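Below is one structure, written out as structure tokens, with a few remarks after it.
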Amino acid sequence: MVDVKTHRMPIGGEWVESESGKTMETINPATGEKLGEVPLANGTDVDRAVRAAKRAFPDWSRLEPKERGKRLSDLGKRIAPRVEEISRLETLDSGNPLVGMRGDVLRTIETLEYYAGLAYEFRGQTIPGVHGRLNYVLQQPFGVVGRIIPYNHPFQFAATRLAAPLLAGNTIVIKPPEQAPLSALELYREIAEVFPPGVVNIVTGDGPTTGDALVRHPEVPRIAFIGSVETGRLIMRNASDWIKKVSLELGGKNPMIVFPDADVDKTVGLAVAGMNFTRSQGQSCGSTSRLFLHESLHDEFVEKLVARVRKIRIGMPIEEETEMGCLISKEQFDKVMGYIRVGQEEGAKLLTGGKKPDDPRLQNGFFLEPTVFDGVKSTMRIAQEEIFGPVLSVITWNDYETMLEQANSVIYGLTAGIVTGDLKKAHETAARVEAGYVWINGCSNHFLAAPFGGWKQSGLGREESLEELLSYTQTKNVNVNLNF
Ligand code: NAD
């Protein structure tokens, strides 16, 4: 039995309730049990957090960059001995399997260390001018950054996405996902030991009340968002009432393109890994959920794919041997099931999955078997819309140009996978596929310092790289008249 707790949120270094006294429930999606309650922050609470961040800004931004970087590194060092504890909390709140969440926490430590090492990289330039005149460029922080994050990797996003804004000298207000807010609050226990009060503030709550108040706040000039395209559009619109810089990491409907020379066994492994059935139940923006399979490989490939997918161990996320956990909520479960119905109605062939697992222990949670559709046409809704669940669509191809046109026929442009030993074809396809992040003979992995982000409706801006750090600075040119 879980110890149900009413949590507070950290604003200006203090743990506070919401001004209205309202709270929100968070549950364990694997059991339906209530895990706790967190404050539902309204506009007044958000304003309080922004003012705390603003008060902390002058001192923080004047610290030497090296010192700001050291604090990030120190945060990583404080997280390190708590990997197990934090991973378990994250697993309970998110439904992602424990083994995957350990990976998230370890990657967080690595990312904090990476940003700490960039302490002197947001530098400007000098520009030649007429004799006796000098231009130099400063990259300076915005002030208060509003950071809104989604539910699929709540701890990793809360902890890693504070690094670039803070290193650049900003202070921050984080809005964790309403479905899984606990790990961000736990993170703050370590933040409090490393950063001065007000440098990091967390407002828990939902999108329309809490997130929206942050987006519209006039003292938050920089909004960074990770989430769905629909919310991204809304945020861009709402932020425009008060000219702000907005970055958006949004959804995807990503292709994995398998050429006729691909090794079937190895590529089946890539197709399963690329779909992120394990670690996040397909709830991953970068999942390669459209498998463009060359027709010459089809029969053998599909048979092996189904056999491999059926071996995935779906179970209670907190158990060590579990590879695949559950979806985040009933809403998400119903949405994915809706797409599975649509796929069948549109004429796609359901090869495996498409239902709750039979295991009696899993009946109270939002579990769904890994699902594969064959005979998918590129125009079908299951091939056009982001499902954000464990549903892989196999689309067979035989003509390269037609296949590429179909691969690029979605509104999204986040990631793409290409599988072939033909270097010429691989690089040509990488150049022509409409995506911000491409793997050749790989999938899913992110590489620190390699800019991650989307084309088209998948977003604006890049993260996990120097580009992210620079996006938290604004450029100031200083012209000096030495002849005066
Ligand atoms: P979502 O858009 O529903 O919510 C994301 C966050 O936005 C939550 O914290 C939510 O409370 C907040 N929010 C909702 N409405 C808001 C509003 N009006 N104003 C301000 N904030 C608001 O997304 P989700 O369902 O939590 O996450 C899934 C989506 O995130 C998928 O589309 C996925 O592809 C995307 N995602 C993208 C990336 C990336 O790096 N590109 C990474 C992870 C997830």
### Under Karplus coefficients 6.51, -1.76 and 1.60, residue-wise ³J(HN,Hα) of the stretch 79-94 in Hz, glycine/proline x
6, 3, x, 10, 3, 5, 4, 5, 4, 5, 4, 4, 4, 4, 7, 10
### Task
Name the residue farthest towards the positive end of the dipole of the chain from the options A163, L40, M316, assuming +1 on Cβ of Lys and Arg, -1 on Cβ of Asp and Glu, about the Cα centre.
A163
### Query
Based on DSSP, what percent of beta bridges with both residues in the chain are antiparallel, to the nearest 5?
40 percent
### Task
Give me the distance in nm between label points sitting 7 Å out from Cα along the Cα-to-Cβ direction at A449 and R189, one decimal.
3.4 nm
### Task
Evaluate the distance, in nm, between pseudo-label points positioned 7 Å from the Cα of K245 and of E321 along their respective Cα→Cβ axes.
5.1 nm
### Query
Where q = 0.24 Å⁻¹, what log10 of I(q)/I(0) comes from the Debye formula for the stretch 274-334, counting one point per Cα?
-1.07
### Query
Under the Kirkwood approximation applied to all pairs of distinct alpha-carbon atoms, what is the hydrodynamic radius of the stretch 18-118 in Å?
16.3 Å
### Message
Using the Cα centre of the chain as the reference point, and only Cβ charges (+1 on K/R, -1 on D/E), how large is the resulting charge dipole? Debye, rounded to the nearest 20.
### Response
1380 debye
#### Entry: Label point distance in nm, K349-E230, each placed 7 Å from Cα along Cα→Cβ
3.3 nm
### Query
How big is the Cα convex hull of the stretch 255-448 in projection, averaged over all directions, in nm²?
10.8 nm²
### Message
Rounded to two decimal places and with Rh computed the Kirkwood way over Cα pairs, what is Rg over Rh for the chain?
### Response
1.00
### Task
Pop the C-beta distance of Q363 and Q140 into the FRET formula with R0 = 41 Å and round what comes out to the nearest 0.05.
0.15
### Task
Could you pull out every residue, at least 5 positions away or on a different chain, whose amide H is within less than 5 Å of the one on E219? Hs are placed 1.01 Å off N in the peptide plane, and Pro or chain starts have none.
none
### Task
Tell me which residues come under 5 Å, amide H to amide H, from L351 once H is placed; ignore anything under 5 positions away on its chain.
V372, F373, D374
### Message
Helix-only mean residue ellipticity at 222 nm, the chain, DSSP H runs n ≥ 4 weighted -39,500 (n - 2.57), per residue, nearest 500. What is it?
### Response
-11000 deg cm²/dmol
## Note on the structure
hull vol. (C-alpha, convex hull) per residue for the stretch 1-43, Å³ -> 78 Å³
### Query
Taking the Cβ-Cβ separation of V4 and N483 as r and a Förster radius of 51 Å, what is the calculated FRET efficiency to the nearest 0.05?
0.10
#### Entry: Taking the stretch 331-410 and dividing mean pair separation by its residue count, relative contact order in percent (alpha carbons under 8 Å, at least six apart)
28 percent
### Under-5 Å amide H pairs with W455, H placed in peptide plane, nonlocal only
G413, L414, G436
### Sequence ranges 175-183, 263-271, ranked by mean other-Cβ count within 10 angstrom, highest first
175-183, 263-271
### Query
Could you give the angle, 0 to 90 degrees to the nearest 10, between helix 330-345's Cα long axis and the longest principal axis of the Cα atoms of the chain?
40 degrees
### Task
Determine, for each peptide in 373-381, 239-247, the mean count of other beta carbons within 10 angstrom over its residues, then list the peptides with the highest first.
373-381, 239-247
### Task
Figure the gain on full extension for R313 and V130 (residue separation times 0.36 nm, minus the Cα-Cα span) and round it to one decimal in nm.
58.9 nm
### Task
Evaluate the Debye formula for the stretch 371-484 with equal point scatterers sitting on the alpha carbons, no solvent, and hand back log10 of I(q)/I(0) at q = 0.21, 0.23 Å⁻¹, in q order, two decimals.
-1.32, -1.45
### Task
With all protein chains present, calculate the accessible area of T23 using a 1.4 Å probe and round the result to the nearest 10 Å².
60 Å²
### Message
Taking 8 Å as the Cα distance limit and 6 or more residues as the minimum spacing, I'd like the relative contact order of the stretch 255-448 as a percentage.
### Response
27 percent
### Query
So how do 53-59, 392-398, 440-446, 282-288 stack up, highest first, on mean other-Cβ count within 10 Å?
282-288, 392-398, 53-59, 440-446
### Query
What per residue convex hull volume, in Å³, do the alpha-carbon atoms of the stretch 370-431 yield?
105 Å³
### Query
Among the listed pairs K77/K175; K54/K244; K311/K377, which are separated by more than 18 Å between their Cα atoms?
K77/K175; K311/K377
### Query
Once the mean 1/r over all distinct Cα pairs of the stretch 231-286 is inverted, what Kirkwood radius in angstroms do you read off?
14.3 Å
### Message
Taking 45 Å as R0, compute the FRET efficiency from the Cβ-Cβ separation of N441 and R237 and round it to 0.05.
### Response
0.65
### Query
Taking a 28 Å limit on the Cα-Cα distance, which of the listed pairs K5/K245; K304/K355; K335/K425 fall beyond it?
K5/K245; K335/K425
### Query
Measuring from centroid to centroid over Cα atoms, what is the spacing of the stretch 63-125 and the stretch 288-302 in Å?
38 Å
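The values are calculated or read from the model by the stated rules, or taken from the named source; none is laboratory data. Please read these numbers as outputs of a predicted model, since none were measured by experiment. Here Cβ is always computed from backbone atoms with ideal geometry, including for glycine, and neighbour counts include all displayed protein chains. Accessible surface areas use protein heavy atoms only, side chains included; no ligands, DNA or RNA. Shrake-Rupley method; radii C 1.70, N 1.55, O 1.52, S 1.80 Å.
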